[in-house]
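Below is one structure, written out as structure tokens; comments come after it.
The values are calculated or read from the model by the stated rules, or taken from the named source; none is laboratory data. Remember, predicted model here, so these are calculated numbers, not experimental data. Virtual Cβ from ideal backbone geometry, glycine too; neighbours counted across all protein chains shown.
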Amino acid sequence: MRAFSYERPETLADALALLAANGRDARPLVGGTDLIIRLRDGTARPRIVVDLKRIPELRPGIETTTDLLTIGATTAMTDIAAHALVRQRFLALAEAAAVVGSVQIRNRASLGGNICNASPAADTATPLLIYEAVVIVAGPGGTRRIPIRDFFIRSGETALRPEDLALSIELPIPGHRTGSVHLRRTRRRGHDLASVTMSCLVDDRGITRLAFGSVGPRPILVEETTGVLADPGATDGAKAALLETIFSSATPSQGSMRASPEYRLAMLRVLGRRAVAIAIDRLAQP
Amino acid sequence: MNDDVQRLPISVTVNGDERVLEVAVHHTLLDVLRDDLALTGSKECCLVGECGACTVILDGRTVDACLVLAVEADGTSLTTIEGLASEGRLSPLQAAFLDHGGVQCGFCIPGQVVSAHALLQDNPHPTRADVDEGIAGNLCRCGCYEQIAEAILRTAEASGR
């Protein structure tokens, strides 16, 4: 591995100052499950690696109030997947966190790292989209809030500037009853990157949100408010027509080795139908 | 050229022994275990966190040592494959891997055993599905998954907890 210098700031202010002084020559480190691969293969060549794990303001953890669940950006997938309230109210996020990589990867990989890497195939991106999460970001000008739908720009690029840090991810606790699910298609069971990711939420007002990834430069969120998708009695034909419109925004690339564009588009429809059906079932459960 | 390399002292507990050493900040935990501490049980293989041959337990959780910088391990407690046998005797899990034919070429086995050890610590009575998920991050090119799963399940049964 090419040499770099390593900093382990003990305050958020020091970390932000390091990033501000070094711009794109600095890379933040949390779990390292993406960054260390890139340091080794040379696709990331920072002068300074800034380890965020000794900063009190960035300690991992999940906090709840009556209307909000806040996940620290450094929280590991293992802890998100196992958290009781995440499982109860944000099941698609727990399901997504539980399928990232392997046990070894989930013990290390953080939610903040997963979204800041902005892989179109990131498993946690689509559940955060259906739950209308907000990313809390610290930068030189202070703290700001970025709705997750504005966060992903394209593969490897987010709304963050090089001098910004994601502090936490807020999930508003739904005021309505909801059913939700996360599904993915991979080449092998177990440890693999997804060829298609799909999250779906339906609520008791008939609103359906579908978010899907790995079929374009950024994950896409579509909200459907006619009530047809969420209606257990609507015909398959009526739902299929709506899903066709929803999936028309998918633009899978030709170049990927994981799956052809044709396969991804076919699986998008399969997972879409399946996700809507599961979300409806879960909404109906007491 | 080595003048440019930043080195930092770290203190880690490795298989119960406190170790203080100085590491290059761009060296991984796997580099330091193998090259500086001569603990060569953890294997270097894919170096991208897919094969699990370098699996170690860091503060109670398995990690791929190829994806952790050695400096990140400062202040932690590690268990490697070398820490599972005691006084020259294999742990029941290690013995079960041999008894059930889980060990063929042997290269992936340190990682498999460490993952299985951590699985049984968290979940003393795993189902077959729990075992498959628990070792999904450990590849075996000899294809001994059935024998390895059998060894893990029999160890859990025999422990009788």
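Numbers at a glance
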{"quantity": "Hits in region A:17-28 (condition: under 25 Å from the mean Cα position of the chain (by Cα) and in contact (Cβ under 8 Å) with a residue 24 or more places away in the chain)", "calculated": "A:Leu19, A:Gly23, A:Arg24, A:Ala26, A:Pro28"}
{"quantity": "Unmet requirement for A:Ala76, which otherwise passes all of (1) more than 19 Å from the chain's Cα centre (by Cα); (2) within 11 Å of chain B (Cβ to nearest Cβ); (3) among the small types (Gly, Ala, Ser)", "calculated": "(1)"}
{"quantity": "Listing of helices (runs of 4 or more DSSP H) fully contained in region B:73-156 that carry 3 or more residues being over 16 Å from the mean Cα position of the chain (by Cα)", "calculated": "B:92-99, B:128-134"}
{"quantity": "Among the residues listed as A:Arg282, A:Arg218, A:Arg205, A:Arg209, the single one being among the basic types (Lys, Arg) and in a helix (DSSP H, G or I)", "calculated": "A:Arg282"}
{"quantity": "Region A:229-264, subset among the small types (Gly, Ala, Ser) and surrounded by 15 or more Cβ atoms within 10 Å (Cβ to Cβ), residue nearest to A:Ala279 (Cα to Cα)", "calculated": "A:Ala230"}
{"quantity": "Residues being crowded, with 23+ Cβ neighbours inside 10 Å and at the interface with chain A (Cβ under 9 Å from one of its Cβ atoms) - total across region B:20-53", "calculated": "3"}
{"quantity": "Residue within region B:69-78 that is away from chain A (no Cβ under 14 Å), under 25 Å from A:Ala109 (Cα atoms) and in contact (Cβ under 8 Å) with a residue 24 or more places away in the chain present", "calculated": "yes"}
{"quantity": "Any chance A:Thr43 is under 22 Å from A:Arg161 (Cβ atoms) and in the same structural domain as A:Arg106 (by TED's automatic domain parsing)", "calculated": "no"}
{"quantity": "Any chance A:Thr33 is surrounded by fewer than 20 Cβ atoms within 10 Å (Cβ to Cβ) and either at negative phi or within 14 Å of chain B (Cβ to nearest Cβ) (or both)", "calculated": "no"}
{"quantity": "Test for A:Leu93: is it within 14 Å of chain B (Cβ to nearest Cβ) and either crowded, with 20+ Cβ neighbours inside 10 Å or over 30 Å from B:Gly134 (Cα atoms) (or both)", "calculated": "no"}
{"quantity": "Some residue of region A:55-67 being surrounded by fewer than 18 Cβ atoms within 10 Å (Cβ to Cβ), touching a Leu at 6+ places or on another chain (Cβ under 6 Å) and of a type outside the set (A, V, I, L, M, F, W, C)", "calculated": "yes"}
{"quantity": "Residues within region B:117-129 that are more than 11 Å from chain A (Cβ to nearest Cβ) and surrounded by 15 or more Cβ atoms within 10 Å (Cβ to Cβ), tallied", "calculated": "3"}
{"quantity": "Residue match in region A:140-153 (condition: surrounded by 24 or more Cβ atoms within 10 Å (Cβ to Cβ) and part of a helix (DSSP H, G or I))", "calculated": "yes"}
{"quantity": "In region B:2-19, residue surrounded by the fewest Cβ atoms within 10 Å (Cβ to Cβ) [restricted to those that are more than 9 Å from every other protein chain (Cβ to nearest Cβ) and in a loop (DSSP other than H, G, I, E, B)]", "calculated": "B:Gly16"}
{"quantity": "Residue, farthest from the other protein chains (Cβ to nearest Cβ), within region A:180-190, restricted to residues that are touching a residue at least 24 places away in the same chain (Cβ under 8 Å) and surrounded by fewer than 22 Cβ atoms within 10 Å (Cβ to Cβ)", "calculated": "A:Arg185"}
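Residue by residue, here is whether (1) modelled with pLDDT of 95 or more; (2) in the same structural domain as B:His27 (by TED's automatic domain parsing); (3) closer than 29 Å to A:Met77 by Cα holds:
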| site | (1), (2), (3) |
| --- | --- |
| B:Cys51 | yes, yes, yes |
| B:Val56 | yes, yes, yes |
| B:Leu67 | yes, yes, yes |
| B:Asp74 | yes, yes, yes |
| B:Leu98 | yes, no, no |
| B:Phe107 | yes, no, yes |
| B:Val113 | yes, no, yes |
| B:Leu119 | yes, no, yes |
| B:Asn123 | yes, no, yes |
